[in-house]
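Okay, structure first, notes after.
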């Protein structure tokens, strides 16, 4: 399980989750949890931290956001931080116990219900 901490990049969080999920080819499901994206392996071996960090860097490059955000690996997580250090304003933050679907916006506070819901998108 790889965690992407988007504390300084909340405005691109949903797009980033979808982008990384597509690049991983369905090997892991993205779970939005507060200001973090958790990539939960579907089966077998999940993605590595280095692989996810590389995909996040590709996302920032494609969106021309490299000057605005920095990507770093910290243990078992990837951190996306604002270069200015001030973080962002304007996007409402998700409560820490809320899981939100990156595909359709469905939200629930129950992780099991969320995981069942996300699987519907991959049927």
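Please treat every number below as a calculation from the coordinates, not as lab data. Quantities reported herein were computed from a predicted structural model and do not represent experimental measurements.
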Eigenvalues of the Cα gyration tensor times 5, then square-rooted: what semi-axes does that give for the chain, in whole angstrom, largest first? 22, 17, 12
Calculated from DSSP H runs of 4 or more alone, at -39500 (n - 2.57) each and per residue, what is the 222 nm mean residue ellipticity of the chain, nearest 500? -9000 deg cm²/dmol
Relative contact order of the chain, defined on C-alpha pairs under 8 angstrom at six or more residues apart (%): 30 percent
For region 43-59 and region 7-34, write down the distance between their C-alpha centroids in whole Å. 11 Å
Extension gain, residue 63 back to residue 11 (0.36 nm per residue minus Cα-Cα distance, nm): 17.5 nm
